[in-house]
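Just below is one structure, and these are the notes that go with it.
The values are calculated or read from the model by the stated rules, or taken from the named source; none is laboratory data. Since we're looking at a predicted model, the values are computed, not measured. Glycine also receives a Cβ, built like all others from the backbone with ideal geometry; neighbour counts cover every protein chain displayed. Areas reflect the complete protein model, heavy atoms only, side chains present, ligands, DNA and RNA absent. Shrake-Rupley method; radii C 1.70, N 1.55, O 1.52, S 1.80 Å.
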Amino acid sequence: MEQESGNRVAVAGSTGGVAVRVRQVIGEAGCSQREFARRIVMDPSKLSRSLGGSRRFTVAELARIADEGGVDAAWLLGSAPAPSGTGGTGGTGAGVPVARGAARSGGKPEGGRPLQIVRETVRLIAEHGFHSVRVADIAEACATSTAAIHYHFPGRAELLEAAVRWCMDEDTARRAARTAEAADAAGELRQLIELQTPRTAQQRRQWLVWLDLWAEAARSTAIGRLHVEYYRQWRTTVADVIRRGIAQGVFRDVDPEFSAVHLTALIDGLAAQVLAASEPGGEEDRSASGTHGMDAEEMRTALLAHVEARLAVTGE
């Protein structure tokens, strides 16, 4: 979510020095710019524009950069000199000052404070819904203060955006890892279906966050943009798999884009039914009334049957 101009950072009338120091931190991190953006839960395009000078970093973004890089935020802002005698965070001696505070302490949360906040936010949203989660709840889950939460994510809207982006990144990484194991496109599509079936606790949490995303997307421009971006990527992934399957001769000569829209919509609808039939703890509801909603295994069976009927090449 774009912040108001009052939350943008301008030091001594120039943002060039800030961008230079951020680039130095990214270099010391030893990862790509996109990966660094993922670690600080920031839109990669925003990071690129800020580094290029067409957009100013927000205070919260610089706080997350400082936390991930283990540097003094004041140094990033240019309001403090590099402490004498300090080396680089990556051991290269490049002169990036190590933070004196919690960022370098042995008690730093795994992945850094911003990612801890986002992970706990995702868990709490899945359990209670976004609008039932207070900043105080997140602070308690992270064993920190509400001030620390606001330091990294000033408002609830930015927290939701960060939580959704983190889920998107995690989902993309899992898809890439699972599909790499498949022998052909048909196997890739089966792996994608397995990943999207809300069977495990992690899969259920992610789907519950998506349900909140759908509701917020209708009200929030920023979340709506994330919604569009995620589904564009997701449908493109499925369409590319179908296109490969056609070339390999395991799928029929269908329209890949239309087939991807059809399959992803079916996945969404069936997953919503599975979640609606589940108890808060994640187990399917087998109430005494005898009513029985769809469960995860039935969803998987229905999706595989759809692929077999609409896509798979059948023998003569």
Report task. State the number of residues belonging to segment 1-28 that are at pLDDT 90 or above and small (Gly, Ala, Ser). Result -> 2
Query - Any pair with Cβ under 9 angstrom, 6 or more apart, that starts in segment 39-66 at a residue that is within 13 Å of Glu161 (Cβ to Cβ) and touching a residue at least 12 places away in the same chain (Cβ under 8 Å) and ends at one that is open to solvent by 30 Å² or more (accessible area, probe 1.4 Å) and of a type in the set (S, T, N, Q) - result: Thr58/Gln3; Thr58/Asn7; Ala60/Gln3; Ala60/Asn7; Glu61/Gln3
Query raised in the report: How many residues does segment 160-181 contain that are among the polar types (S, T, N, Q) and in contact with a Leu (Cβ under 7 Å, 6 or more places away or on another chain)?
Result: 1
Report summary line: Pairing a residue in segment 192-216 that is under 23 Å from Glu181 (Cα atoms) with any residue that is assigned to a helix (DSSP H, G or I) and among the β-branched types (Val, Ile, Thr), where Cβ atoms lie under 6 Å and the two sit 6 or more apart in sequence or on different chains, gives Gln196/Ile267; Pro198/Val274
Query raised in the report: Gln196 fails exactly one of the following numbered conditions: (1) surrounded by fewer than 21 Cβ atoms within 10 Å (Cβ to Cβ); (2) of a type outside the set (A, V, I, L, M, F, W, C); (3) under 27 Å from Arg34 (Cβ atoms). What is the number of that condition?
Result: (1)
Query - Residue match in segment 100-110 (condition: open to solvent by less than 60 Å² (accessible area, probe 1.4 Å), assigned to a loop (DSSP other than H, G, I, E, B) and modelled with pLDDT under 65) - result: yes
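Residue-wise test of (1) surrounded by 14 or more Cβ atoms within 10 Å (Cβ to Cβ); (2) in contact with a strand residue (DSSP E or B) (Cβ under 9 Å, 6 or more places away or on another chain); (3) closer than 27 Å to Ala185 by Cβ; (4) modelled with pLDDT of 95 or more.
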residue: Pro256; (1), (2), (3), (4): yes, no, yes, yes
residue: Ser278; (1), (2), (3), (4): yes, yes, no, no
residue: Gly281; (1), (2), (3), (4): no, no, no, no
residue: Ser287; (1), (2), (3), (4): no, no, no, no
residue: His292; (1), (2), (3), (4): no, yes, no, no
residue: Ala296; (1), (2), (3), (4): yes, yes, yes, no
residue: Met299; (1), (2), (3), (4): yes, no, yes, yes
residue: Val307; (1), (2), (3), (4): yes, yes, yes, yes
Requested in this report: Would you check which residues across segment 131-154 are touching a residue at least 12 places away in the same chain (Cβ under 8 Å) and either open to solvent by less than 20 Å² (accessible area, probe 1.4 Å) or outside any helix (DSSP H, G or I) (or both) and list them?
Outcome: Val133, Ile138, Cys142, Thr144, Ile149, His152, Phe153, Pro154
Requested in this report: Return yes or no: is Thr179 touching a Gly at 6+ places or on another chain (Cβ under 9 Å), among the polar types (S, T, N, Q) and closer than 22 Å to Gln233 by Cα?
Outcome: yes
**Report entry** Candidate set: segment 114-129, residues that are aliphatic (A, V, I, L, M) and without any contact (Cβ under 8 Å) to a residue 60 or more places away in the chain; chosen: the one least open to solvent (accessible area, probe 1.4 Å)
**Finding:** Ile117
Requested in this report: Have a look at Glu68, Glu35 and point out the one that is buried (at least 22 other Cβ atoms within 10 Å of the Cβ) and either farther than 16 Å from Pro114 by Cα or of a type in the set (Asp, Glu) (or both).
Outcome: Glu68
Report task. Identify the residue in segment 38-53 that is surrounded by fewer than 17 Cβ atoms within 10 Å (Cβ to Cβ) and of a type in the set (S, T, N, Q) and, among all such residues, is modelled with the highest pLDDT. Result -> Ser48
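Here is a yes/no grid of residues against (1) more than 20 Å from Ala222 (Cα to Cα); (2) modelled with pLDDT under 90; (3) basic (Lys, Arg):
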| position | (1), (2), (3) |
| --- | --- |
| Glu120 | yes, no, no |
| His131 | no, yes, no |
| Arg174 | yes, yes, yes |
| Gly187 | yes, no, no |
| Gln206 | no, yes, no |
Query raised in the report: Looking only at segment 223-243, which residues are within 14 Å of Thr179 (Cβ to Cβ), surrounded by 15 or more Cβ atoms within 10 Å (Cβ to Cβ) and hydroxyl-bearing (Ser, Thr, Tyr)?
Result: Thr237
